[in-house]
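See below for the structure under consideration.
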Amino acid sequence: MTLLVLWTLHTLVVTGPIMLNAHYTDLLRGTPQGAVRALLGDPIQDSTQEVVASVPAHGDVLVLVDASELDGFAYFWLTYWLYPRHVQLSADLAAASTTSATSIVYFQRADAPALTAPSGYALRSEITAAGGAHTLVFVKTEAST
């Protein structure tokens, strides 16, 4: 119990000034002005809001990213923005053909291989990002659900 109380006090001391100095509308959006921009590739950060609007509100989402993003903040960033959906992160394009996820999101860099719609999925949106990158959103077709 003592550890819980001490950890709560520690958290209030560390995050308190950020929360108290932020404008209330920023807090309601979930992004205080003092929040640090995550260390992610531009294709992921630039198209996140459009991806959220493109995938169904519930179900699993397989997210295919460059291998360099796996060790970064990609998982935490995407699970935050795609909540309550369950996010699976992979750098292997072959995972698209074996997944049972409701949606597949592919953050394709300009030099990465293309991904055609896996069997049972249809392309819902293609978002073009800076530098020739694309974000492809595939959603299960009605016949495959």
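What follows draws every value from the coordinates through simple rules; no lab data is involved. Only a predicted model underlies this, so the values are computations on that prediction, with no experimental measurement involved. Here the Cβ positions follow ideal geometry from the backbone for every residue, glycine too, while neighbour counts run over all protein chains shown.
The C-alpha atoms of segment 90-145 occupy a region whose extents along the principal axes are 36, 21, 14 Å, arranged from largest to smallest.
A simple count of charges around D60, restricted to other residues whose Cβ falls under 11 Å of its Cβ and scoring Lys, Arg +1 and Asp, Glu -1, yields +2. Of all alpha-carbon pairs in segment 42-144, indicate the percentage at a distance above 17 angstrom. For segment 42-144, the fraction of Cα-Cα distances above 17 Å is 45 percent.
Near L82: Cβ cut-off under 13 Å, other residues only, Lys/Arg at +1 and Asp/Glu at -1. The net charge is -1.
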